[in-house]
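The values are calculated or read from the model by the stated rules, or taken from the named source; none is laboratory data. Since we're looking at a predicted model, the values are computed, not measured. Heads up, the Cβs are rebuilt from the backbone with ideal geometry, glycines too, and the neighbour counts pull from every protein chain shown.
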Amino acid sequence: MDSLDVFEVNPIESSSGKKKFYSYKRLILGDLTVKRLKSIYLNIHAKHIPDIIESIDYYMIQYPNKPVLLLNKTDGRIYSFKQKFDMKQIQHQASILFRIFRTFDLIEEPKTKTINYRRSLNVSIKGKGTK
């Protein structure tokens, strides 16, 4: 994996005048298996079940035509590597994964900060811890 220039991804969701920044201590991966990960996606009635591959260090997750995300088994953080996708697309995919894991209580200390922005310079910031 090191030859792929792996980097940590900050989950960020952008939509209609606001950005949501997600932070967390770690994903809870201890008891997860590929089968359990796929069942999580089935339980949320995902339109597509992503490809999930397990290596010694990571779970690699990829929806069709979307960036690959790596879930580090040691530190519980989300990573990726240089691909044809830009950082915004990678961060958006990480935000989807974050929200799915939060739904199943598989994140330690999840937090969300929302920034509302418009074309003017008026910006408001709201933060909240969520679990």
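What are the residues in segment 98-113 that are within 8 Å of the chain's Cα centre (by Cα) and buried (at least 20 other Cβ atoms within 10 Å of the Cβ), if any? Of everything in segment 98-113, just one residue is within 8 Å of the chain's Cα centre (by Cα) and buried (at least 20 other Cβ atoms within 10 Å of the Cβ), namely Phe98. Taking segment 72-93 as the range and being of a type outside the set (A, V, I, L, M, F, W, C) and within 14 Å of the chain's Cα centre (by Cα) as the test, the residues that pass are Asn72, Gly76, Arg77, Tyr79, Ser80, Lys88, Gln89, Gln91, His92, Gln93. Would a scan of segment 77-93 turn up a residue that is more than 19 Å from Lys19 (Cα to Cα), surrounded by fewer than 19 Cβ atoms within 10 Å (Cβ to Cβ) and modelled with pLDDT of 95 or more? Within segment 77-93 (the criterion being more than 19 Å from Lys19 (Cα to Cα), surrounded by fewer than 19 Cβ atoms within 10 Å (Cβ to Cβ) and modelled with pLDDT of 95 or more), the answer is yes, since at least one residue qualifies. Of all the numbered requirements in (1) surrounded by 14 or more Cβ atoms within 10 Å (Cβ to Cβ); (2) outside any helix (DSSP H, G or I), Asn65 misses one, and that requirement is (1). Filtered by the rule that a residue be modelled with pLDDT under 90 and either assigned to a strand (DSSP E or B) or touching a helix residue (DSSP H, G or I) at 6+ places or on another chain (Cβ under 6 Å) (or both), segment 1-43 gives Ser14, Ser15, Lys18.
Within segment 68-92, residues that are at positive phi reach partners that are among the aliphatic types (A, V, I, L, M) and outside any strand (DSSP E or B) with beta carbons closer than 8 Å, at six or more positions or on different chains, in the pairs Gly76/Ile28; Gly76/Leu29.
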